[in-house]
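Peer 1: Structure incoming, see below.
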Amino acid sequence: MKFLKKILEEKEISYQREGKKIIFYPNLDSKSFTFSFPHILPHIKEDHFLDQIQRLNKKPDDFLILLIQAGYASLGYVREGKLVLHKGIQKYMVRKKRGKSQLTYLNQKGKSRMGSRIRLRESIEFFEEINQKLIDWSGELIKAKNLFYSCPIRLWPYLFKSKVKCPMQKNDIRWKKIPYDVHIPKLKELKRILFLIKSGKLYPVNQIPPDLMKF
């Protein structure tokens, strides 16, 4: 915040807004650097981006983080920027030699043996447990402004096909796909993704003035 205030006070630096980014120019001919606003901030009109900067000082709205991979899930509810609820889920869904989830395997082969049936049962329970936890958090989720998620395309529909119904609709406008590579969803990874979602990002193009770097 102090960094942005300082550069906006510089008379020789101009800037323009592009979506959720501000591009700063040391002069009219060369691009200096870009600041990307945190994903938790809403999109605002082009001519009001200075108001967006002011919001960086305020506590963010509540949101959910849902990370899903085959056999692993990590759920977190964030209030005022802090992780206040967390749940990790792990199930036996992946065939050890091929590293392919049982749901994917059945869609391709359609055959089932004992090991396959166990993996299928665990796969079903996997999404039921995710949705049950979301139901448990329903009182909080009503207040959530964003539902950030990361999930393989082939697995995403199963969240909404489970016998334990997901408390949010698939077309809920609050769903926002996390634009980062996600490692195995555990608590440490959940906290890393939370940090990325909350943080603005600076993309240097040319050299940033040294007197601005200390901010």
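Peer 1: Which strands (runs of 3 or more DSSP E) does region 40-115 wholly contain that include 1 or more residues that are at pLDDT 60 or above and hydroxyl-bearing (Ser, Thr, Tyr)? Even if it seems obvious, please write down each step before you answer.
Peer 2: On the way: elements: 63-69, 72-79, 82-90.
In region 40-115, 72-79 are the strands (runs of 3 or more DSSP E) which contain 1 or more residues that are at pLDDT 60 or above and hydroxyl-bearing (Ser, Thr, Tyr).
Peer 1: Further question: Taking the stated definitions as given, is residue 158 outside any loop (DSSP other than H, G, I, E, B), over 20 Å from residue 85 (Cα atoms) and at pLDDT 90 or above?
Peer 2: yes
Peer 1: So, one more: Quickly run through region 148-157 and pick out the residues that are crowded, with 18+ Cβ neighbours inside 10 Å, under 18 Å from residue 122 (Cα atoms) and not aliphatic (A, V, I, L, M).
Peer 2: Selection gives 151 alone.
Peer 1: Can you go through 184, 135, 197 and tell me which one is modelled with pLDDT under 95 and of a type in the set (Val, Ile, Thr)?
Peer 2: 197
Peer 1: For region 171-195, which positions are part of a helix (DSSP H, G or I), touching a residue at least 24 places away in the same chain (Cβ under 8 Å) and not acidic (Asp, Glu)?
Peer 2: Keep residues of region 171-195 that are part of a helix (DSSP H, G or I), which gives 187-195.
From what is left, the residues that are touching a residue at least 24 places away in the same chain (Cβ under 8 Å) are 187, 189-191, 193-194.
Those that are part of a helix (DSSP H, G or I), touching a residue at least 24 places away in the same chain (Cβ under 8 Å) and not acidic (Asp, Glu): 187, 190, 191, 193, 194.
The values are calculated or read from the model by the stated rules, or taken from the named source; none is laboratory data. Worth saying up front: this structure is predicted, and the values here are computed from it rather than measured. Backbone-built Cβ (ideal geometry, glycine too); neighbour counts: all protein chains shown.
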